[in-house]
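Here is the structure we will look at, set down as structure tokens.
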Amino acid sequence: MTEEHKTLDWYEIARRLHKYYEGKIEVLPKVPIGKQEYYSIWYTPGVAGPAKDDAENPDETFHNTWRWNAIAVVSDGTRVLGLGKIGPEGALPVMEGKALLFKALGGVDAVPLVHRARDPEKFLELLELVEPSFGGINLEDIESPKCFYILDEARKRLNIAVWHDDQQGTATVTLAGLINAAKLTGRDLRKARITLIGAGAANIALYRLLKAYGVPPKNITVVDSKGIIHSGRPDIEKLKKEHPWKYQIAVETNGGWKGPVNGGIPEALDGAEIVVAASRPGPGVIKKEWVAKMAKDGILFAEANPVPEIWPWEAKEAGVRIVGTGRSDFPNQVNNSLAFPPIFRGVLDVRAKTITDEMAIAAAEELAKFAEEKGLHEDYILPTMEEFDVFPRVAAATAAKAVEQGVARLKRTYEEELEIAEKIIKSTLEKYEALLRAGLIKEMPEDVERAIEGLRQKKKEEAAHAH
């Protein structure tokens, strides 16, 4: 590593560091090793005992093996971040990064699993074939609308928790932010006029979660690239065949609170109290003059990355009271990393068979409650990634709801799971720190740290200048 790092961008720093570390995760023993007798226990002949137990009762694998804490992070590489269809090899470093977050923030052992099964049925067959190895599946970076079918079918076919973070993760954290934003603006979320800009994985999942939370479909207007979705659109029969999830929105909302109008984003914003955009990077996707026509003290989440659909200060100048984005350098980051590690922590600890919408809502409410207890204000409606105390609480809320709904193999209370989750997450951090102190993990090179600090400062200056 050299001084040239000072002028490198994030992509080039990441390229060099991935080669420097040669991957981000590894497998370590968690039992005593080193003696012949120990190996005779962990492998042959001793391992035949638990192997027979597991064969007779497959649920024993959740006690005898790592399965109780292991998930697969699965992708076909058809919609990777903002890179699109780059294939499984291109998806692998992303899935490995996701696995790192699972371990660091939730104490979950996650395995990147990328594959070439582009056909939905082959994809599902793969999930069914590997199910005995894992306690859960995290689907990631799958093209739309295939991602909806795979999630729905996998939840039916598998007897372990299946989750698509691009759908449920983003929707869960968005719901948490909306709960608190509604409180700050004196609204009843279940009665608010809501507009969703974009009808991809995140917003279709949010639509479903809002319904489960109690928001009537008639209160929700959804806009895709062709305009407001309603049952009178010229392409309605095509949607029925090719995109039943959009078709369902068209039928249930019929344009929502705006009604079946042949309009787009400007019309859908006029009079809206809450707007959630999860469409394409901006700025300029949402214009300031359109936002000015929203209801007084409006709420706007512009979640596209790396640049939101509208800059936060433009939305504020147009009259919006609370703004959220997907970026860490602006207030109110809607970050799905607040959801997927602790939700899976809770799911795994009670050996849940699925993740229901009600479990996601319980997680969202716990996120919202945590932030409320800290003290809500216009620039703080969600916890930040540094507030580690939130993760065990979300795990506990998720686990308790799974038990309540009868989808958990183990019965644990909120308080019991809170103690367990705190212990596991804390243990993960302590193990990492011990390895770092012992020199068994290479520290970040100093010149890279300087480059990162330079980029951080540059980002702040650019944001301030734009404002």
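The values are calculated or read from the model by the stated rules, or taken from the named source; none is laboratory data. Keep in mind that this is a model prediction, so the values were computed, not measured. Positions of Cβ are generated from backbone atoms using ideal geometry, with glycine treated the same way; all protein chains shown enter the neighbour counts. These accessible areas exclude ligands, DNA and RNA; they are computed on the full protein's heavy atoms, side chains included. Shrake-Rupley method; radii C 1.70, N 1.55, O 1.52, S 1.80 Å.
Cross-link list LYS296/LYS369; LYS19/LYS156; LYS258/LYS353; LYS52/LYS156; LYS98/LYS459; LYS19/LYS369: which exceed 31 angstrom alpha carbon to alpha carbon? Each step should come with its number before you reach the end.
Details: LYS296/LYS369 25 Å; LYS19/LYS156 40 Å; LYS258/LYS353 39 Å; LYS52/LYS156 28 Å; LYS98/LYS459 24 Å; LYS19/LYS369 41 Å.
Listed pairs above 31 Å: LYS19/LYS156; LYS258/LYS353; LYS19/LYS369.
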Exercise for the section: May I ask for the Rg/Rh ratio of segment 266-348, computed from Cα atoms with Rh as the Kirkwood radius, given to two decimals? Expected result: 1.06
Handout entry: Pairwise label distance in nanometres, ILE86 with TYR21, each label 7 Å out on the Cα-Cβ vector
Key = 1.7 nm
Completion exercise
Share of accessible surface on carbon and sulfur in the chain, whole %, 1.4 Å probe and ligands ignored, is 53 percent
Fill in the blank from the handout: Relative contact order in percent for segment 228-278 (Cα pairs under 8 Å, 6+ apart) equals 43 percent
Problem - With Cα atoms, 0 to 90° folded angle of helix 390-404 axis to the chain main axis - result: 90 degrees
Practice task
Would you mind computing, in nm to one decimal, how far apart the modelled labels at ALA14 and GLU242 are, each placed 7 Å from Cα along Cα→Cβ?
Solution key: 3.1 nm
Problem - MET444 accessible area, assembled protein chains, probe 1.4 Å, Å² - result: 70 Å²
Fill in the blank from the handout: Measuring from its Cα centre, the chain shows a charge dipole (+1 at each Lys and Arg Cβ, -1 at each Asp and Glu Cβ) which, in debye to the nearest 20, is 1040 debye
Exercise for the section: List the lysines whose Cα lies under 19 Å from the Cα of LYS423, skipping any in the same chain that are fewer than 8 positions away. Expected result: LYS30, LYS103, LYS411, LYS431
Practice task
Before rounding to the nearest 500, sum -39500 (n - 2.57) across all DSSP H runs of length at least 4 in the chain and divide by the residue total; then give [θ] at 222 nm in deg cm²/dmol.
Solution key: -15000 deg cm²/dmol
Practice task
Would you please put 89-96, 58-65, 431-438 in order of how densely packed they are, using the mean number of other Cβ atoms within 10 angstrom per residue and starting with the highest?
Solution key: 89-96, 58-65, 431-438
Exercise for the section: Express in whole angstrom the spacing between the alpha-carbon centres of segment 324-358 and segment 223-258. Expected result: 29 Å
Completion exercise
For TRP66, TRP290, the accessible-area ranking with a 1.4 Å probe, largest leading, is TRP66, TRP290
Problem - Ranked order, ARG79, ARG190 - accessible area, probe 1.4 Å, largest first - result: ARG79, ARG190
Exercise for the section: Let me know the whole percent of all Cα-Cα pairs from segment 247-311 that are separated by more than 17 Å. Expected result: 44 percent
Handout entry: Sequence-distant residues sharing a close amide H with ILE381 (under 5 Å, placed H)
Key = ASN332
Exercise for the section: With a 10 Å radius around each residue's Cβ, average the other Cβ atoms per peptide and rank 36-49, 225-238, 12-25, highest first. Expected result: 225-238, 12-25, 36-49
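How do VAL223, VAL403 stack up against each other in accessible area, from largest to smallest, with a 1.4 angstrom probe?
VAL403, VAL223
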Handout entry: Solvent-accessible area per residue, Å², over segment 168-229 with all protein chains present [probe radius 1.4 Å]
Key = 27 Å²
Practice task
Quote to one decimal, in nm, the extra length available between LEU129 and ASP379 on full extension: 0.36 nm per residue of separation minus the C-alpha distance between them.
Solution key: 85.4 nm
Fill in the blank from the handout: Using the Kirkwood formula on alpha carbons, the hydrodynamic radius of segment 27-106 in angstrom works out to 15.7 Å
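Take the Cβ-Cβ distance between LYS442 and SER231 as r, set R0 to 56 Å, and report the resulting FRET efficiency rounded to the nearest 0.05.
Efficiency computed from Cβ-Cβ geometry: 0.45.
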